[in-house]
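See below for the structure under consideration.
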Amino acid sequence: MNQHEKINYLEIPAKDLEKTKTFFKQIFGFTFTDYGPGYTAFDNAGIDGGFYQSDLNSSTSNGSSLIVFYSNDLEATLSKVTQFKGTIIKEIFSFPGGRRFHFEDPNGNEFAVWGD
């Protein structure tokens, strides 16, 4: 449901849309709808969004926002990320409130996963 003045949609760059769809479907259960050759929308992600064709990437080192997933089993999610060719850029670490790790998807976009 759309809510007035609330975050509604995310758009993320992706060099390879097919690799992106496989990666996020296998690990996080995203589903996709293609809108032409340069854009695919995702859902089943907690918030709707899309990936657009681009040679750019999103990383906290260049000032981008960090998208953070939640996991009930952090180690199992980390294993899936590496199995499907994600790169772990920060191993699991503790922080006030839980633990998390950071990874890059096959496009070089940075994401994090946290758990209790």
* Residue-span extension gain [I47 to S61] - 0.36 nm each, minus C-alpha spacing -> 2.6 nm
* Structure fact -> Neighbour-count ranking for F69, F111, F51 (other C-beta within 10 angstrom, fewest to most) reads F69, F111, F51
* For the chain, built as a Gaussian network whose Cα springs stay under 10 Å, the top-fluctuating residue of F23, F103, F93 -> F93
* Which FRET efficiency value, to the nearest 0.05, do you get for Q3 and F84 by plugging their Cβ-Cβ distance into 1/(1 + (r/R0)^6) with R0 = 25 Å? -> 0.15
* Filter the trypsin sites (Lys or Arg not before Pro) in the range 1-101 down to the DSSP loop ones having no more than 13 other Cβ atoms within 10 Å, then list what survives. => K6, K85
* Ratio of the Cα radius of gyration of the range 9-115 to 2.2 N^0.38 Å, where N counts its residues -> 1.02
* Could I have the simple spin-label model distance between D34 and E91, label points 7 Å from Cα toward Cβ, reported in nm to one decimal? => 4.0
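Just so you know, all these numbers are worked out from the coordinates, no wet-lab data involved. These numbers come from a predicted model, not from an experiment. So basically every Cβ, Gly included, is an ideal-geometry build from the backbone, and we count neighbours across all protein chains shown.
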